[in-house]
Amino acid sequence: MVTREEILVLGLTAGVVGSLVGGLLLYAGLALVLNGSHAGWALALPAAPAGGGLGYLLARRLAAKV
């Protein structure tokens, strides 16, 4: 059985890790774009889905416990 504590930790972990990964990708991508390298869009555009994907993987791991 999944406890409230595990759900809370999942939410906090997913939020922090997703924000760090998404923010880092967005920063690096936009820095490259502003310096004239169009390849930076390959980092900037998938920043949000990459951050959300990590939360999804964490949730699936928690759901596997049930």
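The values are calculated or read from the model by the stated rules, or taken from the named source; none is laboratory data. Values in this document were obtained by computation on a predicted structure and should not be read as measured data. Cβ: placed from backbone, ideal geometry, glycine included. Neighbour counts: every protein chain shown. Note: areas computed on protein heavy atoms with side chains; ligands, DNA, RNA excluded. Shrake-Rupley method; radii C 1.70, N 1.55, O 1.52, S 1.80 Å.
Specify the residue that is most open to solvent (accessible area, probe 1.4 Å); the eligible residues are those in segment 43-64 that are within 30 Å of residue 2 (Cα to Cα) and of a type outside the set (A, V, I, L, M, F, W, C).
Out of the qualifying residues, it is 61.
So residue 40 passes all but one of these: (1) open to solvent by 40 Å² or more (accessible area, probe 1.4 Å); (2) more than 28 Å from residue 66 (Cβ to Cβ). Which condition number does it fail?
(1)
Restricting the search to segment 11-25, which residues are open to solvent by 80 Å² or more (accessible area, probe 1.4 Å) and more than 19 Å from residue 58 (Cα to Cα)?
Result: 24, single match.
Anything in segment 1-57 that is within 15 Å of the chain's Cα centre (by Cα) and of a type in the set (Val, Ile, Thr)? List them, or say none.
Correct list: 13, 16, 17, 21.
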